[in-house]
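*Asks:* This is the structure, below, for whatever I ask next.
The values are calculated or read from the model by the stated rules, or taken from the named source; none is laboratory data. Quick caveat, the model's predicted, so the values are computed rather than measured. FYI the Cβ positions are ideal-geometry reconstructions off the backbone, even for glycines, and counts take in every protein chain you see. In case anyone asks, the SASA skips ligands and DNA or RNA and just uses the protein heavy atoms, side chains included. Shrake-Rupley method; radii C 1.70, N 1.55, O 1.52, S 1.80 Å.
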Amino acid sequence: MTCQRCSREASVHLSETVDGQRRDLHLCGPCARKAGLTPPDPPPNAALEAIVDHLIVQHVGELVGELARTACPLCGLKFMDFRTGGRLGCPNDYEAFAPGLLPLLRAAHGASRHVGKIPRKRTPPSRSPRLRLRARLREAIAQEDYELAATIRDQLRQEDADR
């Protein structure tokens, strides 16, 4: 099938019914872009993550766009990884992702405040030695200090063995 505006092969096919009559429109990619029926081509060498962030902000809103770029400072989990996997990485994620989690909690439980039993001894997430070690491990790997990373890894394994 050829484009109705030029002689190229049509790749965009649009059907609409107006006043009971069906109208078909067949356009090639460039003609469809000129008509505003397809998104513009992404800039060359653009990172896929930047394109996805732009599409999220454009179609869902700025708050979700900000959340898409948010990561927990302790465990490194990104909000979008939580959304796809459905699991949080550490207790600090509740604070890091609060703008996105509160509406989900309200929808699932009818409230965003815990009502029920609480543990007797509660260690704040920022003071948890295990979480601090994991954060130091990520930093050591990012700085390519593999000797320190191996030492921290061994400490984490030793804690697991002691439990």
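*Asks:* Looking only at segment 2-29, count how many residues are in contact (Cβ under 8 Å) with a residue 24 or more places away in the chain and either within 39 Å of the chain's Cα centre (by Cα) or assigned to a strand (DSSP E or B) (or both).
*Replies:* Qualifying residue count, segment 2-29: 6.
*Asks:* Out of curiosity, is G89 within 24 Å of E66 (Cβ to Cβ), surrounded by 14 or more Cβ atoms within 10 Å (Cβ to Cβ) and small (G, A, S)?
*Replies:* Numbers: within 24 Å of E66 (Cβ to Cβ): yes; surrounded by 14 or more Cβ atoms within 10 Å (Cβ to Cβ): yes; small (G, A, S): yes.
When the stated conditions are applied, G89 passes them.
*Asks:* Taking segment 70-86 only, how many residues are open to solvent by 30 Å² or more (accessible area, probe 1.4 Å) and within 11 Å of the chain's Cα centre (by Cα)?
*Replies:* Adding up the residues that qualify gives 9.
*Asks:* Could you tell me whether T84 is closer than 30 Å to A140 by Cα, at pLDDT 65 or above, among the polar types (S, T, N, Q) and touching a Lys or Arg at 6+ places or on another chain (Cβ under 8 Å)?
*Replies:* Spelling it out, it is not the case that T84 is closer than 30 Å to A140 by Cα, at pLDDT 65 or above, among the polar types (S, T, N, Q) and touching a Lys or Arg at 6+ places or on another chain (Cβ under 8 Å).
*Asks:* Additional query: Quick check on this structure: which one of T38, T2 is modelled with pLDDT under 65 and either aromatic (F, W, Y) or touching a strand residue (DSSP E or B) at 6+ places or on another chain (Cβ under 7 Å) (or both)?
*Replies:* T38
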